[in-house]
Each structure stands twice: as C-alpha cells, then as structure tokens.
Amino acid sequence: MTSTFIFAACLIASYFGVAAFRSWGQKRELLDIPNERSSHVEPTPRGGGIAIVAVSLAFYLAASLVIPSMFSWGYVAAAVLVAGISLIDDIYTIPVVWRLLTHSAAAILFMADRGWWHILYVPGFDLDIDLHGAGAVLTFVWIVWLINAYNFMEGIDGIAGGQAVVAAAGWMALGWLTGSNAAFYLGGGLLFSSLGFLIHNWQPARIFMGDVGSAFLGFSFATMPLLANTGNDESDKLLPLTGLLFVWLFILDTVVTFVRRAFRREKVWRAHREHIYQRLVQSGWSHASVSILYGVLTAAISESVVCIFLPNNGYGMISLVVVAGATLILFAIYARNNLSAQRPDGSK
C-alpha cells in the first residue's frame, strides 16, 4: 500500500513538474522550431524530460535511504552528468563530439562502480557465451549507443514516453519476481514519472521531452541490467538480454536506419527523417498510431521476456518467437507503407 502512494506521488509530481516547465519554457521561448526535418508544425516547448530526471532520481535516492543495498553512486553521478550535458544542449546546442565525450565519461564512471557484463546467455538454446575482456567494451558501447539511440527515437509525439512506460513496467515486474529492489523501485520511478510526462506529450504534444529526458532514459535502461543484479546467477545471467529486448524496437530502428544511411554514404550524424517510425508518419500514419504500434509490440515482447523468470518456466523459445514475430510485423507494416511514402527529396 505504501508503494502505491509513493508511485502515485511520482506520477503527480511529474505531471505538475512538466506543466510548470512548459510554462517556464514558453515564457523564455525555449521552443523547438519546426524545420524541414521536423515531424511537428507548431513551435513547441522542449526539455520537459527534466521532470522525469528530477522525480526518478529523487525517488531512487529516497528509496536508497530505506534500502541502502540498492544504491549505486556510479548510476547517480553518471545520470546527473548525462542529464546535465543534455539540458545544456537543449538550451544552447553543443557540438556532438562534446556530447559523446560526456556520454563516454558517464559510461566509464558507472562501470567503475557496477562493473560490466561477463556472460551473455541465450534462452531457448541454453547457451552461455563467455565475453571475457570483450564484456567491458560491449557494455561501454551498449551504454553510449542506447543514450543516443533513445534520443534519435524521440521524434514524434508519444513514442519515447510510451517506450519508457512499457520498458519500465517490464523492469518493475521483473524486480517483483526476482526480488531486485533496484529494478522494482527504479523501474517504478521511471514508469510513473514517464507516465506523468506522457500525458502532456501525447498527440498533439504540448511539450517535447528534449535531450535531457531521452538521454537520461536511454542511460537508465542501458544500466538497468547491471543495477538489477540480485546475486542469483541463474536470473542475473538473463539480464543483459532482458535489457536489450525491453528496448528492442528502438535498437532495431536505430541500427537499421544507421546502416542504411551509412550504406548510402550519407552523413549519419546529421538530423534526418529516415527512421522507420518517421517514414510511417510520412506515409500517412498519425503520431499516436505509430506510438501505439511500437508500444503494443514492445509490450508483447516485454511480457514474454518477463515470463522467462517465472519458476519452472518453458518460455525461453516462446520469447524468441515473440521477438521475431514483433520484428517481422514492424518490417511488414513498414514495407507496405514505404511503397507509397515519398522520400524527403520527393523521389520514391
């Protein structure tokens, strides 16, 4: 019952925090002005994700006072670093090299406290892959990539907030099943603070998350597999794959788009409208429809992944089938709609 009231407080604090920041942003003209690469048509305040950062970290710190074993100084320090550079970027715009250096420093700071992945387990095949020294490199790349991937995916109303709600719900459920306080309480804080923001961000959005929110969420979901460790080898070895699958469609979309643009020798670091979700909007889908599509497919994946942690389960192979099915559904919808979608330059 106590947890219910606390999570409700997170929701309320986030909702009113976003509303207050929106009012402040409008007065100071902290607006996202539409351009040829934008998916919106009206100047809209950005940076509302600062409420997600503030509420989530405040709740995590408060919970850590009661349950000291779940506290990670590396997470808190690195999260503040990521959110800080992102908030500055929302206001003034910072060169990409400085952002990447800061993200790299945050990843190293976190790994200095919580370590890195050593084993990658593949359910359904009962396969353990010993990562050896490559585990540190893989963990570093994973954290830096997801920080930026999540930022890339915050391009239409509701999609980043919706993904956060679903993924955080998955971690919260997983924490309840495995006894991981960090997964349960941090997942719950992320869930309800993101939900408070999503109410403002649903189509038509009254405020955007901004880099401060998207980078923070990307960092939090990237580090959760290490924060959620319970000391149980059987469940802990599943966490790296779990972290990947909870944000699978975001990873898939960004990797496919990056590879496609690199293959065409485009400048991959420049803003664009080539993501799968953006092309669906260009083909006539509404922001809400695309965000719901991603949310429903991610929820199906997350539910199947959580089931792997149930006692005496046989869901490993089923989970892989669900992931493959969700992936094929997204690509099938994209391929069908892309046939009639015009490229930004007017060509097919």
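Just so you know, all these numbers are worked out from the coordinates, no wet-lab data involved. Keep in mind that what you see is a predicted model, and the values were worked out from it rather than measured. Cβ coordinates were reconstructed from backbone atoms using ideal geometry, including for glycine residues, and neighbour counts include every protein chain displayed.
For the listed peptides 230-240, 73-83, 255-265, a ranking on the average number of other beta carbons within 10 Å per residue, highest first, reads 73-83, 230-240, 255-265.
Taking label positions 7 Å along the Cα-Cβ direction at both Trp202 and Val321, the computed distance is 3.3 nm, reported to one decimal. Rounded to the nearest 500, the 222 nm mean residue ellipticity of the chain from helices alone is -23000 deg cm²/dmol, with -39,500 (n - 2.57) taken per DSSP H run of at least 4 residues.
A simple spin-label model places the labels of Trp73 and Ile292 4.8 nm from each other, with each point 7 Å out along Cα-to-Cβ. Quick check: the distance between the Cα centres of segment 130-167 and segment 229-293, to the nearest angstrom? Distance between centres, Cα-based: 8 Å.
Between Trp117, Gly218, Trp202, the Cα set farthest toward the positive side of the dipole of the chain (charges on each charged residue's Cβ, about the Cα centre) is that of Trp202. According to the Kirkwood expression over distinct Cα-Cα pairs, how big is the hydrodynamic radius of segment 114-252, in Å? Evaluated over segment 114-252, this radius sits at 15.4 Å. Using the Cβ of Ala167 as centre and a radius below 15 Å, the other residues enclosed give a net charge of -3, where K and R count +1 and D and E count -1.
Segment Ile88..Phe5, full-extension length gain: 26.6 nm, with 0.36 nm per residue of separation and the alpha-carbon distance subtracted.
If I take R0 = 25 Å and measure r between the Cβ atoms of Arg273 and Ala105 in this structure, what FRET efficiency does the formula 1/(1 + (r/R0)^6) give, to the nearest 0.05? Rounded to the nearest 0.05, the efficiency is 0.25.
For segment 2-338, the fraction of alpha-carbon pairs lying more than 37 Å apart is 12 percent, rounded to a whole number.
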